[in-house]
Amino acid sequence: MNVDVKGTIPKQQCILVSNHVGYLDPVIIASKVKCLPIAKKELSTWPIFGYCLKKFGLIFYERQNVHSGVKTIYQSFKALKKGSNMLVFPEGTTTRGDTVLPFKRGMFGVSKITGIPVVPVRIKFDNPNCSWAEQDSRSLAQHYWWLISLKAINVTIEFFDPIFPNPLESPGDMACKVCDIICCTNVTSSDAFK
């Protein structure tokens with residue numbers, strides 16, 4: 001895999017916020033910045049892959065479950081207090097990379113409370129078929145076997161300047177601002193960011 005890095009890789013503690021184009025995103029980002037990803041609970045049940053994710057200490061959340069969301073926020077506070085960087089994909093799902101879905105605001109509230117900046121990250125494969133979205137017609141296994149058959153996989157990861165929380169800005173407004181930064185080129189943003 002050829003990873004082209006643009007921007008400055010963060011050196012200070014941060015909450016990394018990225019668009020989400022597939023299961024390789026956390027691996028690609030974590031290869032450049034030591035971080036603790038937040039992932040949907042379903043991944044913990046995937047054969048072999050789920051076991052590895054648990055061993056890496058990922059924080060799992062159950063979508064559409066308010067109690068799980070609160071637990072995830074609490075675990076994030078604990079990890080940040082220990083000095084970890086967090087990685088979150090606030091779209092809540094994957095896309096093919098041609099659009100970015102509205103961001104959930106949870107980790108932006110964590111940024112406001114802790115004062116830890118958010119670093120926007122954009123990830124983009126040169127070949128859009130390298131992304132794997134939940135609506136993809138290929139199964140995960142089919143996509144994986146196709147992917148490893150390629151001679152080269154080219155991906156660009158772009159780190160933007162840190163966004164420090166503004167006391168006059170709501171977590172939702174911060175989420176919109178960061179989403180707009182990630183959307184500024186090569187992807188089109190959705191209309192409903194609020």
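The values are calculated or read from the model by the stated rules, or taken from the named source; none is laboratory data. It should be emphasised that the depicted structure is a prediction, and the values quoted were computed from it without experimental measurement. With ideal geometry, Cβ positions are generated from the backbone for all residues, glycine too; neighbour counts draw on all protein chains shown. Only protein heavy atoms, including side chains, enter the accessible area calculation; ligands, DNA and RNA are left aside. Shrake-Rupley method; radii C 1.70, N 1.55, O 1.52, S 1.80 Å.
Values for this structure:
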{"read-out": "Qualifying residue in the range 14-22 (condition: surrounded by 19 or more Cβ atoms within 10 Å (Cβ to Cβ) and on the phi > 0 side of the Ramachandran plot)", "value": "yes"}
{"read-out": "Filtered residue count, the range 23-52, keeping only those that are farther than 26 Å from V178 by Cα and open to solvent by 40 Å² or more (accessible area, probe 1.4 Å)", "value": "8"}
{"read-out": "Search result, residues across the range 85-97 that are under 18 Å from A30 (Cβ atoms) and touching a Gly at 6+ places or on another chain (Cβ under 9 Å)", "value": "V88, P90, T94"}
{"read-out": "Which listed residue is more than 17 Å from the chain's Cα centre (by Cα) and at negative phi, from N65, N85", "value": "N65"}
{"read-out": "Residue match in the range 78-98 (condition: over 30 Å from S137 (Cβ atoms) and among the aromatic types (F, W, Y))", "value": "no"}
{"read-out": "Checklist (1) open to solvent by 50 Å² or more (accessible area, probe 1.4 Å); (2) over 24 Å from D126 (Cα atoms) applied to M1, failing item", "value": "(2)"}
{"read-out": "Flag for S137 being within 23 Å of Y61 (Cβ to Cβ), open to solvent by 30 Å² or more (accessible area, probe 1.4 Å) and among the hydroxyl-bearing types (S, T, Y)", "value": "no"}
{"read-out": "Residues being β-branched (V, I, T), open to solvent by 60 Å² or more (accessible area, probe 1.4 Å) and touching a residue at least 60 places away in the same chain (Cβ under 8 Å) - total across the range 140-177", "value": "0"}
{"read-out": "Matching residues in the range 53-81 - criterion: being at pLDDT below 90, over 26 Å from V5 (Cα atoms) and exposed (fewer than 14 other Cβ atoms within 10 Å of the Cβ)", "value": "K54, K55, R63, Q64, N65, V66, H67, V70"}
{"read-out": "Flag for T95 being among the polar types (S, T, N, Q), in a loop (DSSP other than H, G, I, E, B) and either closer than 23 Å to G50 by Cα or open to solvent by less than 50 Å² (accessible area, probe 1.4 Å) (or both)", "value": "yes"}
